[in-house]
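J.: One structure coming up, written as structure tokens, with questions to follow.
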Amino acid sequence: MASLTEQFIIEAEAVHSVVHAIRREALEETIRLLVENVAPEKIFRSTLGLRIDRSSLAKMEIGISTMLAGIADTGSLIVDLSSPDHLVSLLPTRHIAILHESNLYATLSEFLMSPAAPLRYTQITGPSKTADIEKILVYGAHGPVRLDIVLIQN
């Protein structure tokens, strides 16, 4: 039987997320490598505590934010909608989601029964995609084209 971490990685990759399982001390180096070919003014990192308006955020190539939780059975991420930086996961072309392994839950039901569950949340399962037009799968129609999950292992 797979651990929560193993199951999360398998399911997240199955929906076209790219998972980078790392140790805590490798976080900054991993972020540096993920953004190395992008101009610094095109990167917004909500983890620095800065605020940005919606129109400016939509022009960013990369948004980096910390996720509230991960759901192992679907490879999904949970974003607290009451957080002012929740749009970082929706507007830039690419999203780098930071998730701590200690915030993994087996199922959405388990998460919703936990004290960590907010009143308003959204679930992200892979990069944005749609097949509305002639049943052709298109990425990035309603959000990021690419989703990198930086999973910080305990």
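Readers should treat all values here as calculations from the given coordinates under stated rules, not as data from a laboratory. In this text the structure is predicted, and so the values were computed from the model without any measurement. Cβ coordinates were reconstructed from backbone atoms using ideal geometry, including for glycine residues, and neighbour counts include every protein chain displayed.
J.: Of all residues in segment 1-44 being hydroxyl-bearing (Ser, Thr, Tyr) and surrounded by 14 or more Cβ atoms within 10 Å (Cβ to Cβ), which is farthest from Gly63 (Cα to Cα)? Walk me through how you get there before you give the answer.
T.: Of segment 1-44, the ones hydroxyl-bearing (Ser, Thr, Tyr) are 3, 5, 17, 30.
Among the residues that remain, those that are also surrounded by 14 or more Cβ atoms within 10 Å (Cβ to Cβ) are: 5, 17, 30.
Details: Thr5: 24, Ser17: 15, Thr30: 15 Å.
Filtering segment 1-44 for residues that are hydroxyl-bearing (Ser, Thr, Tyr) and surrounded by 14 or more Cβ atoms within 10 Å (Cβ to Cβ), the one farthest from Gly63 (Cα to Cα) comes out as Thr5.
J.: Also: Show me the strands (runs of 3 or more DSSP E) found entirely inside segment 2-112 where at least 2 residues are aliphatic (A, V, I, L, M). Before the answer, list the steps.
T.: Numbers: elements: 18-23, 43-45, 62-66, 69-71, 76-80, 94-100.
Counting at least 2 such residues, we get 18-23, 62-66, 69-71, 76-80, 94-100.
Matching residues to (1) hydroxyl-bearing (Ser, Thr, Tyr); (2) within 30 Å of Lys59 (Cβ to Cβ); (3) touching a Ser or Thr at 6+ places or on another chain (Cβ under 6 Å):
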site	(1), (2), (3)
Asp80	no, yes, no
His86	no, yes, no
Ser89	yes, yes, yes
Ile96	no, yes, no
Leu104	no, no, no
Thr107	yes, no, no
Glu110	no, no, no
Pro115	no, no, no
Thr122	yes, yes, no
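J.: Which pairs turn up if I take residues in segment 54-72 that are without any contact (Cβ under 8 Å) to a residue 24 or more places away in the chain and look for partners that are hydroxyl-bearing (Ser, Thr, Tyr) with beta carbon separation below 7 Å, at least 6 apart in sequence or on another chain?
T.: Within 7 Å, no pair qualifies.
J.: Let me ask something else about it. Among (1) in contact (Cβ under 8 Å) with a residue 60 or more places away in the chain; (2) touching a strand residue (DSSP E or B) at 6+ places or on another chain (Cβ under 9 Å); (3) closer than 18 Å to Leu108 by Cβ, where does Thr30 come up short?
T.: For Thr30, the failing item is (3).
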